[in-house]
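Okay, so here's the structure we're looking at.
The values are calculated or read from the model by the stated rules, or taken from the named source; none is laboratory data. Keep in mind that this is a model prediction, so the values were computed, not measured. When we count neighbours, we look across all protein chains shown, and the Cβ atoms used for this are built from the backbone with ideal geometry, even at glycine.
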Amino acid sequence: MTVLLDPPAWPAHGTLWSHLVSDTSLHELRTFARTNGVADRGLDLDHYDVPADRHDELVAAGALPVDGRELARRLAASPLRVPGRERRRARRSALLARWESLWPPDGGAPAAQVRAVGEDLVDRWREPHRVYHSRLHLADVLDALDLLSPGITGGTSWHAAVALWFHDAVHDGEAGRDEERSAALARSLLPPLTADDDVEEVARLVLLTAGHDPAPDDVTGALVCDADLAILGSTPVRYDRYVHQVRAEYGHVPDDTFRHRRAAVLEQLLALPAPFRTPVGRERWADAATRNLRGELDRLGAGNAQA
């Protein structure tokens, strides 16, 4: 692995900043950063921002000094780069605007409380330990829901959208327990904003994301699960970035253990009766998801053979 570091040339907060990147592995980048005392909060989706007074120390620890143009070129050519258009969708202001759009001024929910809940949620999605389950994932699932919702009957895209805001609001890397805690958070934060029946429906939908297996007649559940799994049907380059993000997020897990656990997750997804339950989801993502999942599972198997 080669970790790259450009000169401190970016002013902010009274100092100059460098960018620390890898063009091959987010997992190894995060491992290098943590080993050398670079805080997780310094990770900005595909790079770390590090202050000028750390530059020489990080070079001595093994980072390769390159000029800014070379660093940008190599990151742009890698599968790890997050383009500017995606960054803009994941900004705090953009996400808060989407949250507030769910609660029209004449809907009865107090604007100040709507704003406070939205700020709480965005802050949770921006927690520094997250790599994949980040504010970018939130923007992605909301965009996916926008694609899935037109023409849907028998379900409600509003409940689906609110559930997606909560579905990974608690994310400590404990499958099942994370969904339970996220549902409990919805039951805690939503009562001032909406009716009890709405709160319970949102909590139910959040819990569905633990297994992504809604009942055949659960249209709203299908919207939530399909939006959450849309990444599986993305392009090969985007899927590759997702794989890197997941490995980095679970960087504390040893390689062999991660391979076995990740393979179990992939096999569970492939064993679902159908990876997508909405007509649009099946048409747009089902075939690509099967290819992506089987390809990753094959690569994990090759890694086990080499270990």
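Restricting attention to region 93-130, the residues being in contact (Cβ under 8 Å) with a residue 40 or more places away in the chain and touching a Lys or Arg at 6+ places or on another chain (Cβ under 7 Å) number 4. Only one of the numbered conditions (1) in contact (Cβ under 8 Å) with a residue 24 or more places away in the chain; (2) in a loop (DSSP other than H, G, I, E, B); (3) over 21 Å from GLY155 (Cβ atoms); (4) more than 18 Å from the chain's Cα centre (by Cα) is violated by GLU180, and that is (2).
If we keep just the residues of region 1-18 that are over 25 Å from TYR242 (Cβ atoms), of a type outside the set (Gly, Ala, Ser) and not in a strand (DSSP E or B), which is modelled with the lowest pLDDT? Out of the qualifying residues, it is HIS13. Looking at region 147-164 only, could you name the residues that are of a type outside the set (A, V, I, L, M) and part of a helix (DSSP H, G or I)? If the condition is that a residue be of a type outside the set (A, V, I, L, M) and part of a helix (DSSP H, G or I), then SER157, TRP158, HIS159 are the ones that fit. From the list ALA264, ALA271, ALA248, the one residue that fits, being among the aliphatic types (A, V, I, L, M) and touching a strand residue (DSSP E or B) at 6+ places or on another chain (Cβ under 9 Å), is ALA248.
Got a number for residues in region 204-221 being among the charged types (D, E, K, R) and either more than 16 Å from GLY176 (Cα to Cα) or not assigned by TED's automatic domain parsing to the domain that holds ARG177 (or both)? Final tally of qualifying residues: 2.
So which residues in region 193-249 are among the hydroxyl-bearing types (Ser, Thr, Tyr) and not in a helix (DSSP H, G or I), if there are any at all?
At the first step, the residues of region 193-249 found to be among the hydroxyl-bearing types (Ser, Thr, Tyr) are 194, 209, 220, 234-235, 239, 242.
THR194, THR209, SER234, THR235 - these are the residues of region 193-249 that are among the hydroxyl-bearing types (Ser, Thr, Tyr) and not in a helix (DSSP H, G or I).
Just one of (1) under 20 Å from the mean Cα position of the chain (by Cα); (2) basic (Lys, Arg); (3) surrounded by 15 or more Cβ atoms within 10 Å (Cβ to Cβ); (4) within 24 Å of ARG177 (Cα to Cα) fails for ARG241. It is (4).
If you go through region 221-262 and keep only what is acidic (Asp, Glu) and touching a Phe, Trp or Tyr at 6+ places or on another chain (Cβ under 6 Å), you end up with ASP226, GLU249.
Do you know which residues across region 166-177 are part of a helix (DSSP H, G or I) and surrounded by 22 or more Cβ atoms within 10 Å (Cβ to Cβ)?
Within region 166-177, PHE166 is the sole residue that qualifies.
Restricted to region 19-39, and to residues there that are among the small types (Gly, Ala, Ser) and closer than 22 Å to GLN245 by Cβ, the residue that is surrounded by the most Cβ atoms within 10 Å (Cβ to Cβ) is SER22. The set of residues from region 222-238 being crowded, with 21+ Cβ neighbours inside 10 Å, among the charged types (D, E, K, R) and either in contact with a Pro (Cβ under 9 Å, 6 or more places away or on another chain) or not assigned by TED's automatic domain parsing to the domain that holds THR209 (or both) comprises just one member, ASP226.
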